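Contents: one structure, followed by commentary.
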Amino acid sequence: MENYYAKVVDIFERQFDVPVTEDGTVQISSALKIKALETNALKVFCRNNELRTLIAPNAISVGCNKNKLTSLHLENAESVHCGENKITELYAPKATVVKCYINQLTELRLDSAVEIECYGNNDLRVIYAPNLRKIDKFENLVQTENFASRKEIDITLKNHFDRRNPEGYTTETFDLEIALDLDKPRTIDTVKFVISIYDPAVQFEVFLMELKDQFGQQDSIAKQIELPFEVVKPMHFAFSVPIRSYNTGTKNLLDIIREAPESERLYEREFHIDVTCYLESQNTQDKIFTRTFVIDNPFYGRYQWESDTFTEPATIAQDEKYLPEALANVSDDLEDALLELFGLHNDEIAEIAEFVDGISYDILPHERYAAISFRTAEDEEKYSPADWENYSLLEYRNCKSEKFKVFSKRLFQLFFEIQSSSDDFEDIEARINDLLLTAIAKAVLRPSVVEKLRDCGISNAPILTDTFDKTVEYIVSVSEYGEDPFNYCESVISDTETKPTDKRIRLDKF
């Protein structure tokens with residue numbers, strides 16, 4: 001095919017083309033942060049990105065692991081790697097190799113597939129693949145006609161965990177329901193469980209129940225189920241499992257999470273709970289099934305930067321606030337903080353003032369970092385503050401300005417409150433960053449702040465008016481995207497420069 005193309009849209013709604021090789025291959029760098037891709041390329045690779053929409057009708061090979069896809073239609077693909085997305089619908093009738101692990105699939109119909117990896121789709125009920133020869137380890141699936149499969153064992157956790165109203169976390173038991181649909185009749189002599197809670201990176205793990213029972217938990221289950229019993233048809237039964245920390249003996253789940261390392265309570269948005277069920281029979285092979293449940297961390301976003309303490313989980317009052325309202329005072333507070341900061345550090349700025357041609361306001365709440373860096377003509381990397389000689393010249397942790405310290409910590413706290421109070425934070429993160437950094441850029445460009453820079457010796461610091469002299473460049477950027485990062489100051493300046501023009505143009509005269 002001639003005239004290959006690949007059109008993308010990034011998280012800032014910018015549209016542009018990316019190159020396609022002569023053999024029809026397109027590879028998208030993770031640094032581009034794209035959310036949509038349309039291409040006629042034969043081979044498409046876009047891993048570790050923000051991809052939500054992929055249109056690739058001619059693609060033969062597709063690799064799009066670790067994105068944010070929810071559905072995928074690939075009419076001609078023969079090889080599909082789409083692990084670690086949010087896919088609920090996958091259509092790939094010609095694919096022979098499909099790796100779709102860790103998604104949200106409930107059904108897979110793959111007419112041509114000979115090899116499938118589909119672990120981590122906890123609600124997957126049916127796999128239809130008449131040509132299948134190899135599938136990843138799926139002890140919970142039984143083979144029927146054409147490899148249409150069903151789960152033999154399933155586990156449901158009935159407890160309700162809502163970090164906005166964390167009363168449910170105070171439970172001392174897990175309410176479970178077990179559904180059985182075994183491949184053949186069998187007598188179950190013993191039912192046992194192993195339960196653990198851990199962070200996604202498994203930096204810590206606490207067992208809440210073990211096979212070698214220390215707290216009488218297995219006996220408690222046996223008293224709720226009449227053993228032995230025979231499974232001859234689909235059945236289900238419910239019971240409560242007492243939980244205890246095998247590290248400390250703590251009963252209450254909230255207290256158990258409270259005992260986790262502080263780094264996990266502070267930074268982990270969620271915890272995983274593994275529930276493993278053992279069906280033991282004297283005369284047949286044991287059945288084992290594990291289900292992973294994801295629950296919110298009730299302490300996430302409750303760290304108070306100013307007091308260096310955690311607040312107790314309770315109903316989050318700010319959940320009803322809208323983001324623009326929460327950001328209403330950011331620009332005013334930052335303006336006040338910068339005026340004090342520059343005034344107290346007048347001498348340090350004055351030493352380099354005549355050489356300054358750029359100022360980067362590295363106020364990044366998602367990284368819990370706030371500093372001001374100064375670029376001079378001798379700095380070769382124009383948009384890489386970390387490479388400047390005067391990188392982080394004024395940093396919130398060791399500066400003289402108490403107002404800048406307080407502002408920075410409050411902004412960090414605000415960001416975490418926004419992050420923790422949103423159920424779909426990953427989907428709106430780009431918009432949140434846009435609003436936060438635009439508010440910061442507006443403060444940076446205020447005349448009072450620029451006049452203070454001039455007082456410190458940067459005499460050519462430009463003031464934002466209808467026209468803008470850029471002899472000194474102001475930079476507010478969330479991160480570096482190639483050599484020319486997206487600068488929120490440029491966006492604010494552009495808006496200011498175009499408004500007077502808007503008033504002068506009368507479209508009704510044409």
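The values are calculated or read from the model by the stated rules, or taken from the named source; none is laboratory data. Please read these numbers as outputs of a predicted model, since none were measured by experiment. Every residue, glycine among them, receives a Cβ derived from its backbone with ideal geometry; neighbour counts consider all protein chains shown. Side chains included, ligands, DNA and RNA excluded: accessible areas come from the protein's heavy atoms. Shrake-Rupley method; radii C 1.70, N 1.55, O 1.52, S 1.80 Å.
Among the listed residues N85, N58, N76, N48, identify the single one that is assigned to a loop (DSSP other than H, G, I, E, B) and buried (at least 22 other Cβ atoms within 10 Å of the Cβ). Walk me through it before giving the result.
Values: N58 fails: buried (at least 22 other Cβ atoms within 10 Å of the Cβ); N76 fails: buried (at least 22 other Cβ atoms within 10 Å of the Cβ); N48 fails: buried (at least 22 other Cβ atoms within 10 Å of the Cβ).
Criteria check complete, one pass: N85.
With the structure loaded, tell me whether L157 is among the aliphatic types (A, V, I, L, M), modelled with pLDDT of 90 or more and open to solvent by less than 60 Å² (accessible area, probe 1.4 Å) or whether it fails that test.
Numbers: among the aliphatic types (A, V, I, L, M): yes; modelled with pLDDT of 90 or more: yes; open to solvent by less than 60 Å² (accessible area, probe 1.4 Å): yes.
Yes.
Yes or no, residue by residue, for (1) acidic (D, E); (2) under 21 Å from the mean Cα position of the chain (by Cα); (3) more than 25 Å from A201 (Cβ to Cβ):
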residue	(1), (2), (3)
K233	no, no, yes
I243	no, no, no
N252	no, no, no
S263	no, yes, no
Y300	no, yes, no
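Quick check on the stretch 359-383: of everything there that is in contact with a Pro (Cβ under 9 Å, 6 or more places away or on another chain) and small (G, A, S), which residue is farthest from L453 (Cα to Cα)?
Residue satisfying both the conditions and the ranking: A371.
From the list Y169, Y119, Y101, which one is part of a helix (DSSP H, G or I), at pLDDT 80 or above, surrounded by 14 or more Cβ atoms within 10 Å (Cβ to Cβ) and within 24 Å of the chain's Cα centre (by Cα)? Write out each step before concluding.
Values: Y119 fails: part of a helix (DSSP H, G or I); Y101 fails: part of a helix (DSSP H, G or I).
Exactly one of Y169, Y119, Y101 is part of a helix (DSSP H, G or I), at pLDDT 80 or above, surrounded by 14 or more Cβ atoms within 10 Å (Cβ to Cβ) and within 24 Å of the chain's Cα centre (by Cα), namely Y169.
Kindly provide the set of residues from the stretch 219-256 that are touching a Leu at 6+ places or on another chain (Cβ under 8 Å), more than 28 Å from R163 (Cα to Cα) and surrounded by 14 or more Cβ atoms within 10 Å (Cβ to Cβ), ordered by number.
Scanning the stretch 219-256 gives a single hit, V231.
With the requirement that a residue be over 24 Å from M235 (Cβ atoms), at pLDDT below 90 and either open to solvent by 40 Å² or more (accessible area, probe 1.4 Å) or aromatic (F, W, Y) (or both), what does the stretch 172-204 give you? Even if it seems obvious, please write down each step before you answer.
Start the filter on the stretch 172-204 by keeping residues that are over 24 Å from M235 (Cβ atoms), which leaves 172, 196-204.
Then drop every residue that is not at pLDDT below 90, which leaves 199-204.
Within the stretch 172-204, P200, A201, V202, Q203, F204 qualify.
When S420 is evaluated against the numbered criteria (1) closer than 15 Å to L364 by Cα; (2) at pLDDT below 90; (3) hydroxyl-bearing (S, T, Y), which criterion, by number, is the only one it fails?
Just one mismatch for S420, condition (1).
Quick check on the stretch 363-380: of everything there that is under 30 Å from the mean Cα position of the chain (by Cα) and outside any strand (DSSP E or B), which residue is surrounded by the most Cβ atoms within 10 Å (Cβ to Cβ)?
Step one: of the stretch 363-380, the residues under 30 Å from the mean Cα position of the chain (by Cα) are 363-373.
Among the residues that remain, those that are also outside any strand (DSSP E or B) are: 365-368.
Details: P365: 24, H366: 15, E367: 12, R368: 16.
Taking the candidates together, the pick is P365.
Have a look at L464, L436 and point out the one that is over 27 Å from the mean Cα position of the chain (by Cα), modelled with pLDDT under 95 and open to solvent by less than 70 Å² (accessible area, probe 1.4 Å).
On the way: L436 fails: over 27 Å from the mean Cα position of the chain (by Cα).
Going through L464, L436 in turn, the sole match is L464.
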